[in-house]
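S.K.: Handing you a structure now.
The values are calculated or read from the model by the stated rules, or taken from the named source; none is laboratory data. Owing to the predicted nature of the structure, the values given are computational and were not obtained by experimental measurement. FYI the Cβ positions are ideal-geometry reconstructions off the backbone, even for glycines, and counts take in every protein chain you see. To get the accessible areas, we keep the full protein, side chains included, count just its heavy atoms, and leave off ligands, DNA and RNA. Shrake-Rupley method; radii C 1.70, N 1.55, O 1.52, S 1.80 Å.
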Amino acid sequence: MVTSSVAPDDPAAGRGISRRTQSEVYRAGISGTRPAVPVDQRALEDAARRALSAEAFAYIAGGAGAESTMAANRAAFDRWQVWPRPLRDVAERDLSIDFLGRRRPTPLLLAPLGVMEMAHREADLAVARAAASLGVPYTLSNQASFPMERVRDAAPGGARLFQLYWSASDELNASLLARAEDSGCEAIVVTLDTHLLGWRTRDLDLAYLPFTRGLGIAQYTSDPVFQRLVRERAARPTTGGSPTVKVTPKAVAAAVTIARKGAALTGTGLRDSIRSPLPRTAVETFLDVFSTPALTWDDLAKAREWTRLPIILKGIVHPDDADRAMDAGVDGIWVSNHGGRQIDRSVPTLDVLPDIAQRVAGRVPIVFDSGVRGGADAAIALALGATAVALGRPYAYGLGIAGEAGVREVVRNVLAELDITLGLAGLTAIAELDRDALRSV
């Protein structure tokens with residue numbers, strides 16, 4: 001259920017999340033308390049820019065190349081308008097949907113975002129708790145900052161999906177999926193569009209990739225198969241010279257971080273981890289196995305052998321690939337261009353959503369992301385054929401600004417705006433959102 005801190009005798013408590021949220025904010029304002037994070041999306045991003053390090057903000061906010069795909073994702077929403085329809089009884093509104101065999105209180109998911117420790121020290125733990133408090137499923141990243149088992153323990157009542165970046169090691173893939181199943185994840189989201197790392201200009205300008213510092217690889221260092229791969233690599237005699245790293249204060253700091261993050265492999269304190277070759281070898285092993293450009297449709301059949309969980313393919317943009325996914329018997333399609341982080345001048349996802357929805361014809365759920373910033377955006381995507389909408393960067397901004405409370409407020413605000421949009425469009429249920437609710441521009 002969507003929870004609220006509104007006083008029990010507040011008449012707004014029974015009028016939907018939009019009225020509850022407005023009541024919370026305005027009641028607190030009487031005492032001079034403002035929201036923990038900005039409600040306006042541009043102000044939210046600006047506040048995150050100030051709160052985060054330059055490297056963290058670049059990694060979270062940046063895109064590929066000239067970032068034209070990010071701009072195109074947003075511009076695609078500008079080509080649609082919501083029809084206001086007054087004089088209809090919208091006193092009661094239902095945001096719930098059916099997704100993966102369960103009735104969910106809202107159509108919102110949290111998209112997988114890696115290396116959230118760059119935004120806040122509690123990272124995925126804080127995100128999981130915030131999502132659970134609002135009844136929103138959280139897609140845990142393969143590049144999380146905490147192992148999936150710790151995330152489960154942090155929010156045992158929360159709904160979780162697990163994102164898999166298909167590794168070059170099938171044994172590692174199988175191990176990760178088995179752990180996801182054992183830790184209570186409801187589905188596997190196979191991300192298809194990162195078999196080559198995108199040309200991310202902001203990160204390149206800063207010469208910063210968090211994984212080279214041992215960040216965002218907790219799912220790997222906690223995995224028994226990966227740990228074995230690291231030990232085997234460390235035991236092999238070295239051949240050839242290693243690239244020379246100039247000794248600077250930043251290099252020393254990076255070495256300390258790598259050692260600290262590698263403690264799961266050494267089982268010792270920081271001093272011994274610094275001396276051990278295992279933490280450094282873990283980074284090298286990760287960079288070798290992270291993904292494979294040789295992945296093909298035929299390989300996907302292996303996932304059925306590794307898990308009994310439903311499988312959703314993330315990164316589908318071309319309608320023909322949606323057809324191929326249906327032929328492969330997947331349990332869901334996730335329309336995404338990785339938030340513009342992989343290909344510059346990619347096709348914007350909203351533009352292809354209607355065609356993909358037509359091809360799928362309701363046979364499996366469609367999750368949509370890329371460019372979603374608020375509840376009105378979510379309403380448009382749902383009207384154009386999405387079953388559920390995934391939120392990305394905004395919740396990371398909330399995390400960086402105010403931790404768990406920041407994530408909760410960002411997600412709450414999106415749901416509140418969606419609720420208002422639904423009602424002002426004269427509709428009372430998410431199932432009623434369709435093309436008739438929109439006007440193309």
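S.K.: Among the numbered criteria (1) part of a helix (DSSP H, G or I); (2) open to solvent by 10 Å² or more (accessible area, probe 1.4 Å), which single criterion is violated by residue 86?
M.R.: (1)
S.K.: Quickly run through segment 258-267 and pick out the residues that are touching a Leu at 6+ places or on another chain (Cβ under 7 Å) and either open to solvent by less than 50 Å² (accessible area, probe 1.4 Å) or free of Cβ contacts under 8 Å to residues at least 12 places away in the same chain (or both).
M.R.: Selection gives 259, 262, 265, 266.
S.K.: Can you tell me how many residues in segment 279-314 are more than 16 Å from residue 212 (Cβ to Cβ), touching a helix residue (DSSP H, G or I) at 6+ places or on another chain (Cβ under 6 Å) and not aromatic (Phe, Trp, Tyr)?
M.R.: 4
S.K.: Examine segment 188-208 for a residue that is in contact (Cβ under 8 Å) with a residue 12 or more places away in the chain, touching a Phe, Trp or Tyr at 6+ places or on another chain (Cβ under 9 Å) and under 14 Å from residue 148 (Cβ atoms), and state whether such a residue exists.
M.R.: So far as segment 188-208 goes, yes, one or more of its residues are in contact (Cβ under 8 Å) with a residue 12 or more places away in the chain, touching a Phe, Trp or Tyr at 6+ places or on another chain (Cβ under 9 Å) and under 14 Å from residue 148 (Cβ atoms).
S.K.: From the list 230, 189, pick out the single residue that is surrounded by 18 or more Cβ atoms within 10 Å (Cβ to Cβ), hydrophobic (A, V, I, L, M, F, W, C) and in contact with a strand residue (DSSP E or B) (Cβ under 6 Å, 6 or more places away or on another chain).
M.R.: The match here is 189.
S.K.: Can you tell me how many residues in segment 210-236 are of a type in the set (D, E, K, R), in contact (Cβ under 8 Å) with a residue 40 or more places away in the chain and not in a helix (DSSP H, G or I)?
M.R.: 1
S.K.: Give segment 57-73 a look and list any residue that's of a type outside the set (Ser, Thr, Tyr), surrounded by 18 or more Cβ atoms within 10 Å (Cβ to Cβ) and not in a loop (DSSP other than H, G, I, E, B), or say none.
M.R.: 57, 58, 60, 61, 64, 70, 72, 73
S.K.: Another one. Are there any pairs, at least 6 apart or on different chains, whose C-beta atoms fall under 6 Å, with the first in segment 423-435 and on the phi > 0 side of the Ramachandran plot and the second of a type in the set (D, E, K, R) and open to solvent by 40 Å² or more (accessible area, probe 1.4 Å), and if so, which?
M.R.: Cβ pairs passing all conditions: 426/85; 426/88.
S.K.: Quick check on segment 285-305: of everything there that is in a helix (DSSP H, G or I) and either of a type outside the set (A, V, I, L, M, F, W, C) or in contact with a Phe, Trp or Tyr (Cβ under 6 Å, 6 or more places away or on another chain) (or both), which residue is most open to solvent (accessible area, probe 1.4 Å)?
M.R.: Across segment 285-305, the extreme among qualifying residues is 305.
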